[in-house]
Structure formats: C-alpha cells, structure tokens
Amino acid sequence: MAKLRINPEILKYELKYTKLTVEELAKKTYISENTIIRALKGEKAFSYKQLLKIANLLRRPTWYFFEDEPMQEERLKDFRRKDTTINFLMVVQIVREIKQFQELLKEVIEELNYEPKFDMFKNVDINSSPQKVADVVREVLKPPDLSSVKTYKEALQIHKSLLESYDILIFEYKLTEDKTSKSLKALSVHDNTFPAIVLNKDDSISSKIFSLYHELGHILRKSTAVCEYDEFEEDYSKEEQFCNAFAGHFLVPTQKFLTVLNNYKSIDENTIERIAFHFKVSPFVIIRRLKEEKIINKGEFTKYEDYFKNKVESTQGENKSTFSPEPYIKVFNRVSKKALRLLFDAISERILDEDTLMKILHLKKQEQMEKLEGKVYEEEMLYS
C-alpha cells in the first residue's frame, strides 16, 4: 500500500489551531501516537486511509496536507467565560463546514444570475449606539408585528425566513457535548456575501430568537464569534454588551415597548410574561429593557432575574425527544434553507454536480437527496 509523506508543518498548525493534542488525535483517528509523532518529525508517512481520517476530522481536503503553507483563516473571537471549557475542535469543525457552504454558494450564484442582498446593510454605522443600529436594521428588514402570532415556534420561523431573505444563512447544530458541559449559545461566521448564524439546536425557542439578533450584531461588526452568554447574566465584554443591547432594541423597540406598557397598571412577574409573549421574546429580554428604560431599579431587576432564572432551571431537560429522524430530516433541520434552495437550483441548472452537494451534506443515498429537495421546496411555498 502506497505511503503518503505530508508536510509536517501543516499538521502542526492544525493541531495548534484546533487545540488538539497528539494523544487526542490518535484516539479520534485510531492512529498510533508514535506514527503521528514521527509524521510530525517528517520521519513517517501515512497510508491514504490514515490521512483521510485526519482530513475528515479536521474538515480539510487531503491535498491540503501536501501544501507548502497552512491555510490562513480568520481567528475566532472567543466570548466564553475564562473558567469554562468546550470541545474547541467541534467549534472549528462547524465553522469550517459553514465556510464550505459559503464558498460553494459564491461559486454558483454568478451562473444563477443571483443578486446577493446582504450588501443592503453596508450603510449601517456600527459605531452608533445599539439603539440607532437597531433602528437602521429594522428599516432594512421591516420585521412584521408578531403580537398576533400564536406560538414562539412560528415566530422563530418568521425571523429565520426574514434574515435568510437577506442572505444571512441560519444553521442549527448541537452545541452541547453532554449533560455536564457548558452550552454554547450560538456562533457567527462572517462573510461579505453569505454571513451565517449557528444556533444551538437544544436551546429554548425564545433564546434562539434572541440569539439570531445577538449574532447579527457580531456579523455587522464583521466578527466570527463563539458566544456563551446567558440572558440573565451581566455582560462581560464591550462587543457582547453591544450585541445584547442591539438584539434587545431590535426585538423590543422603545416606542412600541412603552405603548404596550401603558396597557398595564403595574409591573409584576405575570405582566412581564405577558409582554414577553406579545413581542415573542424571553422574560429576560423584557426585564433588561425595563431596566434600560429606567422603569425598574437594580433591586427589582435582580428580583425578577432570580425568579425567571429559577423558573428556567426548573424546566430544563423537559420534552427532550429521543426519536432519531431520517438522515434527510437531520440535514433539513441543521442546514440553512436558503443555502439548500440555491444549491438545489444550481443542480437543476447543471451548474453544480449532485455528488458534490451529497458529500457536503453527508448524505449517502440518492433517495435521501430527493426527499430533502422536496422538503426544502415544500417549506418555501409555505413561508413565501
């Protein structure tokens, strides 16, 4: 069997970037530590099967390991707490998968005669106050009034469709490794044409709605960022402060907020929940906005914060399904619908090879691709 001698500097860079040790790489690829150590010294070659395992784990093409220099990529802005740990490799894998979609979309849209729409945000002055930025973005997006929408789930779908209509791609991944690990809230992956937001699929629906606009704040600041914020915790960085305030003002604009408040004689937990449902946000967004508008003081804010925090913790883990759907449904739930529609259009126009998309989507059967395509266009008719 032929042996392949890689450029050791490429693998060294990848281990450093993904924060993987040789021991961890060996365990994940079933390649001996000794083989990897010797390959890093340039003394040992990999078999093709071994190299393919490493390439798949790192979300890199096999040819990359023979290049003269490592691929230069944007450093992730890490807004996690200093005392928490996550699987950083998982984050890198997700970001690299998203970038695959972004690059592929940019390749096909010219031949599809598709005009990108994200540049409509180019006049947003990110140095303005969060409220002013939110007002400008609302002028661009023109979000509908959600007060008559019956469920948070429907509201989330409306928000997703709205953002994707402006080429902001929305993905959902599992961002929690296990029950004991700290959960990531979301990721943003900057791109000038197809920026992306990655939600935690295990998060509550109201949190997902807030995360969409929190991450949009990062995108407007041209950031690829890892976020671990909790809606009931104090902000701990200037960029996170901006993104939280921007999201709050976008979802609960001041004039509408004050108008709704006038319908209530007093503020209590029940009132806060009613107002939250009116705007289809979590109670934490409302108590933040009450504090910002100086309607409640710091002591009242803390009281309500503790109440809703305890309420959230008492319901965590409820209604978690153990059902495993078909592969095409997993892809449908995970991948941006806008990306899927454009890529299926490209296949229809013979601009893109179907096998290429199947590989990126990790689908192995033609039947699953056909079901996925039908599901994608079915949803488009539903929400168009």
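Model label sites at Leu258 and Asp306, defined 7 Å from Cα along the beta-carbon direction, differ in position by 3.2 nm. Where both bridge residues fall in the chain, DSSP classifies roughly 55% of the beta bridges as antiparallel.
At an R0 of 35 angstrom, the distance between the Cβ atoms of Arg138 and Asp353 translates into a FRET efficiency of 0.30.
Mind giving me the FRET efficiency for Gln366 and Lys330? R0 is 25 Å, r the Cβ-Cβ distance, nearest 0.05 is fine.
0.90
Our summary gives the chain a relative contact order of 16 percent, counting only alpha carbon pairs under 8 angstrom and 6 or more residues apart.
Taking Glu33, Glu154, Glu240 in turn, the Gaussian network model of the chain (Cα-Cα springs below 10 Å) assigns the largest fluctuation to Glu33.
Pairs to check: Lys160/Lys265; Lys265/Lys298; Lys150/Lys294. Give those whose C-alpha atoms are more than 24 Å from each other in this structure.
Numbers: Lys160/Lys265 34 Å; Lys265/Lys298 20 Å; Lys150/Lys294 30 Å.
Checking Cα-Cα distances, Lys160/Lys265; Lys150/Lys294 exceed 24 Å.
Can you check what the net charge comes to around Lys365, using other residues whose Cβ is under 14 Å from the Cβ of Lys365 (Lys, Arg +1; Asp, Glu -1)?
On the way: positive: Lys330, Lys359, Lys364, Lys371; negative: Glu326, Glu354, Asp355, Glu367, Glu370, Glu373.
Computed value for this residue: -2.
Residues whose amide H falls under 5 Å from that of Glu293, counting only those 5 or more places apart or on a different chain, are absent, with hydrogens built in the peptide plane. Inter-label distance, Asp268 to Glu379: 4.1 nm, where each label sits 7 Å from its Cα along the C-beta direction. In the chain, the calculated helix contribution to ellipticity at 222 nm averages -17000 deg cm²/dmol per residue, counting -39,500 (n - 2.57) for every DSSP H run with n ≥ 4.
Count charges around Asn7 for me, please; just the other residues with Cβ under 12 Å from its Cβ, Lys/Arg as +1, Asp/Glu as -1.
Details: positive: Arg5, Lys12; negative: Glu9, Glu14, Glu67, Asp68, Glu69.
Local net charge: -3.
Listed peptides 185-191, 349-355, 217-223 appear in the order 185-191, 217-223, 349-355 once ranked by packing, highest mean of other Cβ atoms within 10 Å at the front. Answer rounded, prolate or oblate for region 3-72, using the Cα gyration tensor with square roots of eigenvalues a ≥ b ≥ c: rounded when a/c is under 1.5, else prolate when a/b is larger than b/c, else oblate. Judged from the Cα gyration tensor, region 3-72 comes out rounded (a/c under 1.5).
Packing-based ranking of 69-77, 243-251 yields 243-251, 69-77, ordered from highest to lowest mean Cβ neighbour count within 10 Å.
What does the charge count near Glu269 come to, summing +1 for each Lys or Arg and -1 for each Asp or Glu among other residues with Cβ under 14 Å from its Cβ? Write down the numbers at each step before the final one.
Details: positive: Arg274, Lys303, Lys309, Lys311; negative: Asp268, Glu273, Glu300, Glu305, Asp306.
Residues close to Glu269 contribute a combined charge of -1.
Could you state the orientation-averaged shadow area of the convex hull built on the Cα atoms of region 1-126, in nm² to one decimal? Walk me through the numbers on the way to the answer.
On the way: hull surface 45.3 nm².
So the mean shadow area of the Cα hull is 11.3 nm².
Roughly what angle does helix 238-251 make with the longest principal axis of the chain, taking Cα atoms, 0 to 90 degrees, to the nearest 10? That works out to roughly 60 degrees. Rounded to 0.05, the FRET efficiency of the Tyr30 and Ile295 pair, given R0 = 56 Å and the Cβ-Cβ distance, is 0.40.
Only one of the values [x] 31.6, 98; [y] 25.6, 86; [z] 22.8, 80 was calculated from this structure for Rg and Dmax of the Cα atoms in Å; name its label. Matching the structure shown: [z].
Helix 283-292 and the longest principal axis of the Cα set of the chain meet at an angle near 60°. Taking 20 °C and 1.002 mPa s as the conditions, I'd like the Stokes-Einstein D for region 324-383 in µm²/s, using the Kirkwood hydrodynamic radius from alpha carbon pairs. Translational D for this selection: 185 µm²/s.
When the C-alpha to C-alpha distance is required to be over 27 Å, the pairs from Lys222/Lys338; Lys201/Lys280; Lys208/Lys256; Lys153/Lys364; Lys77/Lys201; Lys99/Lys122 that qualify are Lys153/Lys364.
For region 3-72, lysine pairs with C-alpha atoms less than 15 angstrom apart, excluding pairs fewer than eight positions apart on the same chain, total 10. Dipole check for the chain: with +1 at the C-beta of Lys and Arg, -1 at the C-beta of Asp and Glu, and the Cα centre as origin, the magnitude is about 820 Debye.
Listed values for region 359-370 are Karplus-derived 3J(HN,Hα) couplings in whole Hz (6.51 cos²θ - 1.76 cosθ + 1.60, θ = phi - 60°), namely 5, 5, 7, 6, 9, 10, 10, 4, 4, 5, 5, 5, and x replaces Gly and Pro. In the elastic network of the chain, a GNM with C-alpha springs shorter than 10 Å, the most mobile of Glu67, Glu300, Glu103 is Glu67.
We did not get these values from a lab; they are worked out from the coordinates using the rules stated. These numbers were taken from a predicted model, which means no experiment stands behind them. All Cβ positions, even for glycine, are placed from backbone atoms using ideal geometry, and neighbour counts span all protein chains on display.
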